[in-house]
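Some notes on the structure that comes next.
The values are calculated or read from the model by the stated rules, or taken from the named source; none is laboratory data. If you're wondering where the values come from, they're calculated on a predicted model, not measured in any experiment. We place every Cβ from the backbone using ideal geometry, glycine too, and count neighbours over all the protein chains shown.
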Amino acid sequence: MDDRQLLRYSRHVLLEELGVEGQQRLLDAHALIVGAGGLGSPAALYLASAGVGRITLVDDDTVDLTNLQRQIMHTEARIGQPKVESARQAIAALNPDVQVRAVARRADAALLDELVAEADVALDCSDNFATRQALNLACVRRRRPLVSGAAIGFDGQVALYDPRRDDSPCYACVFPPSTEVEEVRCATMGVFAPLVGVVGTLQAAEALKLLAGAGAGLTGRLLMVDLRRTGFTEVRLRRQADCPVCGTGAGRM
């Protein structure tokens, strides 16, 4: 780090758990964020402000007026722009040193496998079951940690799945791909604006701790958030031997 960076990230450097070495790990890191909406906004902004050196953003949507109630990376002036381009501008204004790759494409399996292989951690900030399953599969195949988040109404959840650990479940252990899921979207159900901020910020915290080698993560735990009563509930997760993705007979490689 140069003198300017030491000053910019001095409040991290002062933390015993991070220090100069931990901050340097963040500067050298590459994070993949799938989804540049409600969850991706706080996640991307906090990763950028913390100094994660490279961020790849994937989203095929454009900024709409209805997004602005909660998607804090975007502005009225950027309505109609691809969300990843709007996000690039927001990150550049916050920390111009961060290298941002904006991928304005649907996150299909082939693309995710390619992008996950290049990243140190992936953050699932998407809004549909198929994308979550495809990202999880790519993370298991490439042995990359996955920080998963979801939010609807007043309820959210966060988990860390780390295929580098033998005791860690994957997303499919908890939510099997064969499960019939009725997609619930903000456009029809609504979402409390600060909820995505809470969940997305927790995702950023998990990713930053993992990249910097600081603190204990959520591996093996699902954190449930209820903002109706401002409560948190933790559920223990176990790896499933018969999981079609990470189980012993999955044949994923």
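Remarks
- Residues within the range 64-98 that are in contact (Cβ under 8 Å) with a residue 40 or more places away in the chain and farther than 16 Å from residue 36 by Cβ, tallied: 2
- Residues of the range 109-131 satisfying the condition of being touching a helix residue (DSSP H, G or I) at 6+ places or on another chain (Cβ under 6 Å) and not in a loop (DSSP other than H, G, I, E, B): 109, 112, 113, 116, 117, 121, 122, 123, 124
- Residues in the range 83-108 that are among the small types (Gly, Ala, Ser) and at pLDDT below 95: 107 alone.
- Of the helices (runs of 4 or more DSSP H) lying entirely inside the range 1-65, those containing at least 1 residues that are modelled with pLDDT of 95 or more, of a type in the set (Phe, Trp, Tyr) and surrounded by 14 or more Cβ atoms within 10 Å (Cβ to Cβ) span 40-49.
- Residue in the range 132-154 that is small (Gly, Ala, Ser), under 15 Å from the mean Cα position of the chain (by Cα) and assigned to a helix (DSSP H, G or I) present: yes
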